[in-house]
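Worksheet: one structure, shown below.
Any read-out appearing in this document is the output of simple, stated calculations on the displayed coordinates, not a laboratory observation. In this text the structure is predicted, and so the values were computed from the model without any measurement. Here the Cβ positions follow ideal geometry from the backbone for every residue, glycine too, while neighbour counts run over all protein chains shown.
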Amino acid sequence: MSSRLGTLDDTKSQDEVAELVRAAAQGHEPAWRALVDNFAGLVWSVIHGYRLSPADAADVSQTTWLRLAEHIASLRQPERVGAWLVTTAGRECLVLLRRSRRHVSLDDACFVEGPAPEPASQPEAQVMREEEEEMLWRVFASLPGRDQILLRLLFADPPPTYQEISAATGMPVGSIGPVRGRCLAQLRERALSADMQRARIPHGLDG
């Protein structure tokens, strides 16, 4: 077993990341600590992008690492453990938000540009706003997995560097900017299409 298994940084190759994951799956404590030390900041930045309370954010972080501990031995692409953590953290945030019925809008999570919506003054307006937010999350979930991961990383709080994104996803640094633009354009196009389709359905008949 390599003596370097207790360390990990942005310069490590995907093969070395995979080696760390396999070692951690076999109970090698320094390898597990290296994974946590390297990716904890990335996980936190994704969680903070969902504007959770400190207590909820801590719960999601703990759950995310628990999920990794549960599944680390069965990861099909151990070299992409960073992307796996990003996806899992985002999903756990949504699970918590839906469970507590505190939906977060895509604007609040910084997925699209635009001013924050005014607080709803009527119950009907609040219901419609929640339906719109749920629709936007469904559109986001319809994007390819790699696009979801990239958007979660790009609009995390604080956002990771392109080098960190590349290390987590295996995507070349030079392609991150162009792919970002394509992802956002696709997200807006799908959201517009879904909104137009929803507008053609009388309210209350789309359940």
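Here is how the numbers come out for the structure above:
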| quantity | calculated |
| --- | --- |
| Local electrostatic count, GLN62, Cβ distance below 14 Å [Lys/Arg +1, Asp/Glu -1] | -3 |
| Cα-centred dipole magnitude for region 49-92, charges only on beta-carbon of K, R (+1) and D, E (-1), debye, nearest 20 | 160 |
| Per-pair calculated FRET efficiency, R0 = 41 Å: SER142 and LEU66 via Cβ, rounded to 0.05 | 0.90 |
| ARG138, ARG33 arranged by Cβ crowding within 10 Å, fewest neighbours leading | ARG138, ARG33 |
| FRET efficiency, GLU134 to SER74 (Cβ-Cβ, R0 35 Å, nearest 0.05) | 0.65 |
| Residue exposure sequence - THR64, THR161 - by fewest surrounding Cβ within 10 Å | THR161, THR64 |
| Summed residue charge, Cβ within 11 Å of ALA83's Cβ, Lys/Arg positive, Asp/Glu negative | +2 |
